[in-house]
Amino acid sequence: MNKVLDIPRVNAKNMTDKEFFYGHKACAGCGGSIAVRLALKVLGERTYTALPAGCMSAVGFIFPQMAFNSNAIITTFPGAASMASGIAMGAKALGQKDFKTVVFAGDGGTADIGFQALSGMIDRNDDVLYICYDNEAYMNTGIQKSGLTPYGTQTTTTPAGKNLPGTLTHKKNLFEIIAAHDIAYAATASIGYPQDYLNKVNKAKHTKGASFIHVYASCPTGWGTPTETSVEIAKDAVDCGLIFLAEYEDGEFKLNRNPKEFASIPDYLKKQARFKHLSDQDIEIITEHRDKKWSRMRKHWL
Amino acid sequence: MNRPKNKEYKFPTHIDDYPTGPQYKAGFLPETNAGWRKVRPVVDHEACVFCLRCYLVCPDGTIFKEDGKIKIDLDYCKGCGVCAHECPKDAISMVKE
C-alpha cells in the first residue's frame, strides 16, 4: 500500500473542474448527491460506477436524461458489490489500467440488502471502492427503517406514538463489521467535513484491493430539516458524537477526531422533525449509548 | 464552463434513433432544473474571498470557477441555499425569483 505522503493531495483548489454527476433530479439540498459528486470528482474520469436501487440511481437515470458523466450502471439491489467485482475483473481482463470501480449504495443497500455481496467482495479482495452514503433510512421508497436507523427515529414503518418512541434499535456497527473482514482500507466520514471526506476517498483510490467508506449524508426530505442546513446538520452529528470519524488500515483502528467535549445532543436532535417527539428519557438512552460507544473506542482505538 | 449543457430531446422516429443501452449517452440532459427554484443565489464578489466552500458543498455542482471568481449555472441550480448558509463571509444571498 502507498504511504500517505506519496499520494497527491486533492482539495477544492486543485480538483478537476469537470462534473461527473450533474443535472440530476435529487431533492434540493440532498446530502447523498454531495457525497457522490465529490467522490467522482476525486476519482476522475476513468471510473466505473455501479449503483444499486436507491436515491442516487433513481435521480441519475431518468430516461432519457443521464446525469452521470462517466460510465455508470444500475445493478440489482443485493448485487451491487458483486457486479462491481465483475466490472473490475472484466476491465482487468481487457488490459485496462488506471481505472477505479466504485459503488454508491445507500444504507439499506449496504447494511441490509446488499450485505452478503459486499462481504464476499471484501473477502475476495477485489479492487473496488464501496461507498455507503448513510441517510439513516430507505429514503427513496418513502422513509422506511433500515439497519442503520438510530434509536428514536420516526419513520413510516416505525411511527412514534404514545407507547413507542419510533425505532427501538440502535445503529448497526457497520464500520466495525466491515473492519472485521480485515479489509485493506475502511473509513467513516461525513459530508459536514468535506475535506476529510475528500482525503479518505483519495486514499481509497490509491489503495489496491477492497476499500470501504461509510459517509454520513443528510436528507432534508426524510429528516424534516430545511434544505439549506443539510451540510450543517451532518457536521453537528459529528460534533455531538453520534457519528465518529475513524479509519481502519493495516489491521489498526485510528480515531481521526477525538473531541474533549461533545456538542449538545438535544440541540442536534431537535433541529429535525424525525426526532421532534423524543422525551428526555429517550434522549438519555441515546446519550448513554453514545458514551458507552466512545469509551469503548477510546479504550481500544487510541 | 466545463460541464454538460442542456441538449434538445428529439422524439425518436426510427429504431436507430434509440440509444443502444437503456440510457442515452453520458451527460445527456434534455431538461433543466431551474423551474424547481423559488429563490436564487446571488454572489457579492467584493465580499467573496474565493475560499471555495460553496463549490465543495453544492449538491448539484452548479457552482464553478471562472477567472478567479465564483459563477453559478442557474440552469441547474435548485435554490437549496446550502451555499449561502455555509458561506463564511455571507457573500451569497438568496433572492426571490
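Quick look at the numbers
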read-out	value
Residue, surrounded by the fewest Cβ atoms within 10 Å (Cβ to Cβ), within segment A:171-192, restricted to residues that are in contact with a helix residue (DSSP H, G or I) (Cβ under 6 Å, 6 or more places away or on another chain) and either hydroxyl-bearing (Ser, Thr, Tyr) or in a helix (DSSP H, G or I) (or both)	A:174
Every residue from segment B:1-10 that is outside any loop (DSSP other than H, G, I, E, B) and farther than 12 Å from residue A:65 by Cα	none
Residue list for segment B:37-61, filter: at the interface with chain A (Cβ under 8 Å from one of its Cβ atoms) and either in contact with a strand residue (DSSP E or B) (Cβ under 8 Å, 6 or more places away or on another chain) or exposed (fewer than 15 other Cβ atoms within 10 Å of the Cβ) (or both)	B:52, B:55, B:61
Residue in segment A:111-128 that is in contact with a His (Cβ under 6 Å, 6 or more places away or on another chain), more than 14 Å from chain B (Cβ to nearest Cβ) and not small (Gly, Ala, Ser) present	yes
Filtered residues of segment B:1-30 (kept if within 7 Å of chain A (Cβ to nearest Cβ) and either without any contact (Cβ under 8 Å) to a residue 12 or more places away in the chain or not aliphatic (A, V, I, L, M) (or both))	B:2, B:3, B:4, B:9, B:23, B:24, B:25, B:26, B:27, B:28, B:30
Tally of residues being within 26 Å of residue A:88 (Cα to Cα) and of a type in the set (A, V, I, L, M, F, W, C) across segment A:189-247	8
Single match in A:273, A:217 (criterion: touching a residue at least 12 places away in the same chain (Cβ under 8 Å), loosely packed, with under 14 Cβ neighbours inside 10 Å, closer than 23 Å to residue B:79 by Cα and small (Gly, Ala, Ser))	A:273
Matching residues in segment A:226-252 - criterion: being away from chain B (no Cβ under 14 Å), of a type in the set (A, V, I, L, M, F, W, C) and either in contact with a Leu (Cβ under 9 Å, 6 or more places away or on another chain) or more than 29 Å from residue A:208 (Cα to Cα) (or both)	A:237, A:238, A:240, A:242, A:244, A:245, A:246
Failed condition for residue A:206, given (1) over 19 Å from residue B:80 (Cβ atoms); (2) of a type outside the set (Lys, Arg); (3) touching a strand residue (DSSP E or B) at 6+ places or on another chain (Cβ under 6 Å)	(3)
Within segment A:179-212, considering residues that are more than 15 Å from residue A:102 (Cβ to Cβ) and polar (S, T, N, Q), the one nearest to the other protein chains (Cβ to nearest Cβ)	A:195
Number of the condition not met by residue B:80 [criteria: (1) closer than 22 Å to residue A:13 by Cα; (2) among the hydrophobic types (A, V, I, L, M, F, W, C); (3) facing chain A (nearest Cβ under 8 Å)]	(1)
Only listed residue being at pLDDT below 95, at positive phi and surrounded by fewer than 19 Cβ atoms within 10 Å (Cβ to Cβ), chosen from A:166, A:209	A:209
Of the criteria (1) under 30 Å from residue A:181 (Cα atoms); (2) within 14 Å of chain B (Cβ to nearest Cβ); (3) out of contact with any strand residue (DSSP E or B) (no Cβ under 7 Å at 6 or more places or on another chain); (4) aliphatic (A, V, I, L, M), which one residue A:215 fails	(3)
Single residue of segment B:62-73 satisfying the filter (within 12 Å of chain A (Cβ to nearest Cβ) and farther than 20 Å from residue B:95 by Cα) that is surrounded by the most Cβ atoms within 10 Å (Cβ to Cβ)	B:65
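The values are calculated or read from the model by the stated rules, or taken from the named source; none is laboratory data. Quick caveat: nothing in here was measured; it's all calculated off a predicted structure. Cβ atoms come from the backbone with ideal geometry, glycine included; neighbour counts cover every protein chain shown.
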